[in-house]
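Undergrad: First the structure, then my questions, so here it is.
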Amino acid sequence: MNYEQATARCWAEIDLDIIEANYASARRICGAHTRVIPVLKANAYGLGAAKLSRVLLAKGATLFAVAEPGEALEVIEACDGDALVLGMVAPVCMEDAVRAGVVMTAYSVDYARQLDEAAARVGRPARVHIKVDTGLHRLGLDADGAVDETLAMFAMPHIKVEGLFTHLALRVREADEAQIARLRAVAEGLRRRGADFGMLHACDSIGMVRYPEYRFDAVRTGAWLYGVVPSRYPNPNDECRLPVRFCARVAQVRRVAAGEYLGYDEDHPLARDCVIATLSAGYADGYPRVNSVGEVWLRGRRAPIAGLACMDQLTVDVTDVPGVAPGDVVTLLGDDIGINEVAAWTHSNRNELLSRLGRRVPRVYMRGGKPEEIVYFR
């Protein structure tokens, strides 16, 4: 697939210079003694885990975080770095994960015992980070009994402990501080018992900028890499920038009379005679199924979305944008259309918006304003 083919319908341009700059700013923020673990789960929030793992490895990242073992294997095969699975690795997948050197999250003694047995069968240690539930109440050892349970894992002959971590709920500072206090109590209890648990980490992108004192040995940085600025963070000097531009072509332009409806919409008759452009992207490509909400950017102006977004197409009112023609490039996200406002229009989370990008949307990786590589997930 060449550039003309990749950009013939709808596509995502991913600026590698910005990805690298966001990673560099995270490292500056964290300082020399805190490791930045790029989070590449959900295909690097839709932007392409294999490609970005290679880019970030070249900039110094060596440990990446993912959500499940398939993602871990993709990263390991792509860049030969280490991959930490933050979620469950099912028993049926454990042997393959151990064999590949995947770092797994141990969140209960029973689970660790299954890992130990799988590692014994494979003949190599199961590498783990132990997760403590300090108040988010998803995965993890209960903080009150975590010292004894962690020591039980240390006693398992085929378990190799490389880290200890938690995840903050990030609701209010007082609750976050209580979570950190529980994690520290576990860490100190293990140290008193002579257990070397390796890397200590608690913060994600929000925690990274909100709590300098809790960065510990590492932070897990996902959203920041992809231009999602944590709420209530001023983002001085554009330390974090959106690296993606989601575009579509105009397929057809037509005049539609006042009172008519667009597509499947039954609630928004046109208030005037309109010039309507049909765009070659829809909710299967990653744009939420909005109904006459939001705007796009074309020919240097904004134009409102009109009607209900369909699976493969959506329509916009270009009456006030002169000269729109088939083949014109329309920006759905990027340029003058910011991710915060798209999330507000669509009642979506910003990370969710990026992760929605469909597999049939070619990823065009840009460097220095020019395409470097095109990836199409067939």
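Undergrad: Is it the case that some residue within region 31-40 is under 18 Å from the mean Cα position of the chain (by Cα), closer than 23 Å to G227 by Cα and of a type outside the set (V, I, T)? First the steps, then the outcome.
TA: Taking region 31-40 and keeping what is under 18 Å from the mean Cα position of the chain (by Cα), we get 36-40.
Now drop any that are not closer than 23 Å to G227 by Cα, which leaves 36-40.
Narrowing further to those that are of a type outside the set (V, I, T): 38, 40.
Yes, that holds for at least one residue.
Undergrad: Run down H129, H137 and say which single residue is under 24 Å from R215 (Cβ atoms) and open to solvent by 40 Å² or more (accessible area, probe 1.4 Å).
TA: Working: H129 fails: open to solvent by 40 Å² or more (accessible area, probe 1.4 Å).
Sole residue among the options that is under 24 Å from R215 (Cβ atoms) and open to solvent by 40 Å² or more (accessible area, probe 1.4 Å): H137.
Undergrad: Related question: Just checking, does region 15-27 include any residue being under 25 Å from T166 (Cβ atoms), surrounded by fewer than 22 Cβ atoms within 10 Å (Cβ to Cβ) and not small (G, A, S)?
TA: Yes - at least one qualifying residue is present in region 15-27.
Undergrad: Looking at region 39-58, I want the residues that are modelled with pLDDT under 95 and have a partner that is in a loop (DSSP other than H, G, I, E, B) and β-branched (V, I, T) with Cβ atoms under 6 Å, at least 6 apart or on another chain. Which pairs are those?
TA: From residues that are modelled with pLDDT under 95, there are no pairs.
Undergrad: Taking V324 as the residue in question, decide whether it is within 18 Å of the chain's Cα centre (by Cα), closer than 18 Å to Q313 by Cβ and assigned to a loop (DSSP other than H, G, I, E, B). Step through it out loud before you land on a result.
TA: Values: within 18 Å of the chain's Cα centre (by Cα): no; closer than 18 Å to Q313 by Cβ: yes; assigned to a loop (DSSP other than H, G, I, E, B): yes.
Answer is no for this residue.
Undergrad: On to the next question. Quick one: in region 56-81, of everything that is of a type outside the set (K, R) and in a loop (DSSP other than H, G, I, E, B), which residue is most open to solvent (accessible area, probe 1.4 Å)? Before the answer, list the steps.
TA: If we filter region 56-81 for residues that are of a type outside the set (K, R), which is where we start, we get 56-58, 60-81.
Checking which are in a loop (DSSP other than H, G, I, E, B) leaves us with 60-62, 67-68, 80-81.
Working: G60: 44, A61: 2, T62: 68, A67: 42, E68: 76, D80: 132, G81: 7 Å².
Of everything passing the filter in region 56-81, D80 is most open to solvent (accessible area, probe 1.4 Å).
Undergrad: Let me ask you something else. What are the pairs, 6+ residues apart or on separate chains, where a residue within region 138-160 that is under 19 Å from R182 (Cα atoms) and assigned to a strand (DSSP E or B) has its Cβ under 9 Å from a residue that is open to solvent by 30 Å² or more (accessible area, probe 1.4 Å) and not basic (K, R)?
TA: Here the result reads L141/Y107; L141/S108; L141/E149; D142/E149, each pair linking region 138-160 to a residue that is open to solvent by 30 Å² or more (accessible area, probe 1.4 Å) and not basic (K, R).
Undergrad: Which residues, counting only those in region 280-297, are of a type outside the set (V, I, T) and crowded, with 24+ Cβ neighbours inside 10 Å? Break it down into steps so the answer makes sense when it comes.
TA: In the first step, residues of region 280-297 are kept if they are of a type outside the set (V, I, T); the result is 280-289, 291-292, 294-295, 297.
Within region 280-297, A281, D285, Y287 qualify.
Undergrad: C30 versus (1) buried (at least 23 other Cβ atoms within 10 Å of the Cβ); (2) in contact with a helix residue (DSSP H, G or I) (Cβ under 8 Å, 6 or more places away or on another chain): which is the lone unmet condition?
TA: (1)
Undergrad: Moving on to the next point. Give the number of residues within region 82-100 that are open to solvent by 10 Å² or more (accessible area, probe 1.4 Å) and in a loop (DSSP other than H, G, I, E, B). Explain how you work it out, then say what you get.
TA: To start, the set of residues in region 82-100 that are open to solvent by 10 Å² or more (accessible area, probe 1.4 Å) comprises 82, 86-88, 90-93, 95-96, 99-100.
Right, trim to in a loop (DSSP other than H, G, I, E, B) and you get 86-88, 90.
Adding up the residues that qualify gives 4.
Undergrad: Next question. Could you list all residues from region 258-279 that are open to solvent by less than 60 Å² (accessible area, probe 1.4 Å) and in contact with a Leu (Cβ under 7 Å, 6 or more places away or on another chain)? Don't jump to the end; show me each part of the working.
TA: So the first thing to find is which residues in region 258-279 are open to solvent by less than 60 Å² (accessible area, probe 1.4 Å), and the list is 258-259, 262, 265, 270, 274-279.
Of everything in region 258-279, those that are open to solvent by less than 60 Å² (accessible area, probe 1.4 Å) and in contact with a Leu (Cβ under 7 Å, 6 or more places away or on another chain) turn out to be A258, G259, D265, I276, L279.
The values are calculated or read from the model by the stated rules, or taken from the named source; none is laboratory data. Just so it is clear, the model here is predicted, and its values are computed rather than measured. So basically every Cβ, Gly included, is an ideal-geometry build from the backbone, and we count neighbours across all protein chains shown. With ligands, DNA and RNA removed, areas are computed over all heavy atoms of the protein, side chains included. Shrake-Rupley method; radii C 1.70, N 1.55, O 1.52, S 1.80 Å.
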